[in-house]
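The values are calculated or read from the model by the stated rules, or taken from the named source; none is laboratory data. Just so we're clear, the structure is a prediction, and the values are computed from it rather than from any experiment. Cβ sites come from the backbone with ideal geometry, for glycine too, and all protein chains shown count toward neighbours.
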Amino acid sequence: MNSAITDQAPLGLDSSKFRDPLCTADGQRRAQVALGGIETLWFNTGTLCNLTCTNCYIESSPTNDRLSYLSAAEVAAVLDELRADRRAREIGFTGGEPFMNPALPAMLDDALGRGYRVLVLTNAMRPMMKQADDLLALREKYGDRLCLRVSIDHYAPRLHELERGPHAWSRMLTGLGWLVDNGFRLNVAGRTLSGESEDRLRAGYGKFFAEQGVPVNADDPRQLVLFPEMDATIDVPEITEACWDILDVAPAAMMCAASRMVVKRRGEAGVKVLACTLLPYDEQFELGATLAEASGAVPLNHPHCARFCVLGGGSCSAG
């Protein structure tokens, strides 16, 4: 399909990197990001998913429950604490597949009822359709404050299914069509797995959206979010304090400057607050049991910090 895909093997990660939270391998001070205030609060509703994708950064599958289902009461308790942060404007729900969690409609109703915008990341397949009646009621009650971000890894069925498996394309199209027909606010998460330029990717998605009648502007990075690939074993530079000026990137533009993620680990009694959505299992990014405990600065001590956020310009929020 795409001649831009290369067979050249990437370089493996230098094992001396990302070991010390304070210093890089060459002894420079590692960059840190201070929390300016939570603008987007994420809830991981659980790592169970109806799919087992080829390259899922969180390793979601029908059997991975390392992050257990959150309850509506646990979400409500964190939202109660969030009231103190006046910058908060968006609540995000991710997984796994969020619609696998039977309590999701209650969580959405709670967050929307408190006046937040709500973003749900979904593959738009059977688990979502099982909660169709609840979704329609929420759409009727709250309108465009509810947004669903549908994962479409590539505009070509072959490449989408290379990641998500056989029949994933047609099943996604069914759910996507239902969302369009019922007037839901949508955006789309794509990936750069094909190696194409951003312009070519956006043009390909734009043609697909036009053919399917999907009201998403492929040229708007908030409506079509193109995520860089994440593989922690591939080499990437460490980010030092000097890099902010060298790269002309502001610490305040990083996800962890304005967001946190709440999870519940399997076997644990309570929730934990993490630095971001990308690092659910790395204990150094577990910041506390409350939002207050998780308000400290985050050292950029992981390849994803460099590849996805600083160099890739990635962000999971709706913007």
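For (1) modelled with pLDDT under 95; (2) within 17 Å of residue 97 (Cα to Cα); (3) touching a Cys at 6+ places or on another chain (Cβ under 9 Å); (4) of a type in the set (A, V, I, L, M, F, W, C), each residue gets a yes or a no:
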{"residue": "148", "(1), (2), (3), (4)": "no, yes, no, yes"}
{"residue": "162", "(1), (2), (3), (4)": "yes, no, no, yes"}
{"residue": "179", "(1), (2), (3), (4)": "no, yes, no, yes"}
{"residue": "200", "(1), (2), (3), (4)": "no, no, no, no"}
{"residue": "204", "(1), (2), (3), (4)": "no, no, no, no"}
{"residue": "209", "(1), (2), (3), (4)": "no, no, no, yes"}
{"residue": "213", "(1), (2), (3), (4)": "no, no, no, no"}
{"residue": "216", "(1), (2), (3), (4)": "no, no, no, yes"}
{"residue": "243", "(1), (2), (3), (4)": "yes, no, no, yes"}
Can you confirm whether residue 232 is within 24 Å of residue 304 (Cβ to Cβ) and either assigned to a loop (DSSP other than H, G, I, E, B) or modelled with pLDDT under 95 (or both)? yes
In segment 39-73, how many residues are over 18 Å from residue 264 (Cα atoms), hydrophobic (A, V, I, L, M, F, W, C) and in contact with a helix residue (DSSP H, G or I) (Cβ under 7 Å, 6 or more places away or on another chain)? 2
Residue 134: passes all of (1) out of contact with any helix residue (DSSP H, G or I) (no Cβ under 8 Å at 6 or more places or on another chain); (2) assigned to a helix (DSSP H, G or I) but (1)
Looking only at residues in segment 69-102 that are in contact with a Cys (Cβ under 8 Å, 6 or more places away or on another chain) and part of a loop (DSSP other than H, G, I, E, B), which one is farthest from residue 293 (Cα to Cα)? 97
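Okay, residues lined up against (1) touching a Lys or Arg at 6+ places or on another chain (Cβ under 8 Å); (2) at positive phi:
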position: 128; (1), (2): no, no
position: 133; (1), (2): no, no
position: 146; (1), (2): yes, no
position: 164; (1), (2): no, no
position: 167; (1), (2): no, yes
Residues within segment 179-235 that are among the aliphatic types (A, V, I, L, M) and within 18 Å of residue 277 (Cβ to Cβ), tallied: 6
Residues that are among the basic types (Lys, Arg) and surrounded by fewer than 18 Cβ atoms within 10 Å (Cβ to Cβ), drawn from segment 93-138: 114, 126, 130
Looking at segment 222-260, which of its residues are surrounded by 15 or more Cβ atoms within 10 Å (Cβ to Cβ) and without any contact (Cβ under 8 Å) to a residue 60 or more places away in the chain? 223, 224, 226
Is it true that residue 59 is modelled with pLDDT of 95 or more, within 29 Å of residue 117 (Cβ to Cβ) and of a type in the set (D, E, K, R)? no
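Counting just the residues of segment 155-169 that are touching a residue at least 24 places away in the same chain (Cβ under 8 Å) and outside any helix (DSSP H, G or I), which one comes out surrounded by the most Cβ atoms within 10 Å (Cβ to Cβ)?
So the residue we want is 155.
Quick one: how many residues across segment 74-91 are touching a helix residue (DSSP H, G or I) at 6+ places or on another chain (Cβ under 8 Å) and more than 26 Å from residue 191 (Cα to Cα)?
Residues flagged as touching a helix residue (DSSP H, G or I) at 6+ places or on another chain (Cβ under 8 Å) and more than 26 Å from residue 191 (Cα to Cα) within segment 74-91 amount to 4.
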Across segment 41-77, what is the number of residues that are β-branched (Val, Ile, Thr) and either surrounded by fewer than 20 Cβ atoms within 10 Å (Cβ to Cβ) or within 12 Å of the chain's Cα centre (by Cα) (or both)? 4
If you check every pair at least six apart or on different chains, which have Cβ atoms under 7 Å apart with a residue in segment 283-308 that is farther than 23 Å from residue 79 by Cα and in contact (Cβ under 8 Å) with a residue 40 or more places away in the chain first and a residue that is among the polar types (S, T, N, Q) and buried (at least 22 other Cβ atoms within 10 Å of the Cβ) second? 284/301
Is there any pair with a first residue in segment 53-79 that is of a type in the set (Lys, Arg) and a second that is assigned to a loop (DSSP other than H, G, I, E, B) and surrounded by fewer than 17 Cβ atoms within 10 Å (Cβ to Cβ) whose Cβ atoms are under 9 Å apart and which are 6 or more apart or on different chains, and what are they? 66/59; 66/266; 66/281
